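Just so it is clear, none of the values below were taken in a lab; they were calculated from the coordinates. Everything numeric in this text was worked out from a predicted model, so none of it was measured. We place every Cβ from the backbone using ideal geometry, glycine too, and count neighbours over all the protein chains shown.
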């Protein structure tokens, strides 16, 4: 029997859907991935750590650019699915099963640390950023892509509830300003901070988590009846008898360690 606490565990939610994230076109490509790789500049001779690697797409791209990569994830099934995908493409790297908030490497171990589409699941994001800064060498680069929280607090509450209903392991989306403050608080000079607009297909978004019909219906109601300020942020497109879409705002932020 799966309990509600189990449903809130990333290992349960993502372990059961690991292959969805390896094969996902949205996770496996697009502007945010290309932009992150462009900014962190993985090249031969650089040592890189990709935390919460998920489908392993950032780790794969950095390895393809010549970096020596460690792919890390809390969920063993994710790591196994990612490794299989990497090997099928003729690449392999080191793999580490660990919590991104407790990185099992010594200080100043890496030239590059990355995370994409994961920190909104972390219970202690400040601790996670502190750990990323700790394992970076002086002059090293930390690159992050994640959901961007709404600047308006009430809008943020609604959107986080919407996301959590779809995926109970979701915790909180930080705003752009909150991320920038966290970087600076941990000795990271922000060299890039941008928001990117992505349009998501509502049905695909639910299939990624294998949601049941009742959950999908409740999410439809939340999207269709969203207050005006929320609708301005999510930009829902909900025509009768056709595919639904909405906007997810992404932050792409990169900092350099002093």
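Here are a few things to note about the model shown:
- Packing-based exposure ordering (other Cβ within 10 Å, fewest first) of 93, 217: 217, 93
- Extension gain, residue 164 to residue 242, is 25.6 nm, computed as 0.36 nm per intervening residue step minus the present C-alpha separation.
- Segment residue 87-residue 153, extension gain: residue separation times 0.36 nm, minus the distance between their alpha carbons: 19.4 nm
- Segment 158-258: relative contact order in percent, alpha carbon pairs under 8 Å with at least 6 residues between: 42 percent
- Acute angle (nearest 10 degrees) that the helix 213-224 long axis makes with the longest principal axis of the chain, alpha-carbon atoms: 80 degrees
- A straight line joining the Cα centroids of segment 91-137 and segment 194-258 runs 27 Å.
- Helix axis angle, 31-40 relative to the chain longest principal axis, alpha carbon, degrees: 20 degrees
- Separation of the residue 191 and residue 127 label points, Cα + 7 Å toward Cβ, nm: 3.0 nm
- For segment 195-254: rounded, prolate or oblate by the Cα gyration tensor [a/c cutoff 1.5]: oblate
- Classified by the C-alpha gyration tensor, the chain has a prolate form. Its axis ratio a/c, with a ≥ b ≥ c, is 1.5 or above, and a/b is larger than b/c.
- Going by neighbour counts of Cβ atoms within 10 Å, the residues 77, 224 line up, fewest first, as 224, 77.
- For residue 229 and residue 102, the difference between the fully extended length at 0.36 nm per residue and the C-alpha to C-alpha distance is 42.0 nm.
- Model label sites at residue 38 and residue 137, defined 7 Å from Cα along the beta-carbon direction, differ in position by 2.6 nm.
- Mean separation of Cα contacts under 8 Å, 6 or more apart, over the residue count of the chain: relative contact order %: 20 percent
- The residues 121, 57, 196, when put in order of fewest to most other Cβ atoms within 10 Å, stand as 196, 121, 57.
- Segment 89-224: relative contact order as a whole-number percent, Cα under 8 Å and 6+ apart: 22 percent
- Angle in degrees between helix 76-88 and the longest Cα principal axis of the chain, rounded to the nearest 10: 70 degrees
- Here is how the number arises for the chain: DSSP H runs of 4 or more residues each give -39500 (n - 2.57), the sum is divided by the residue count, and the result at 222 nm is -12000 deg cm²/dmol.
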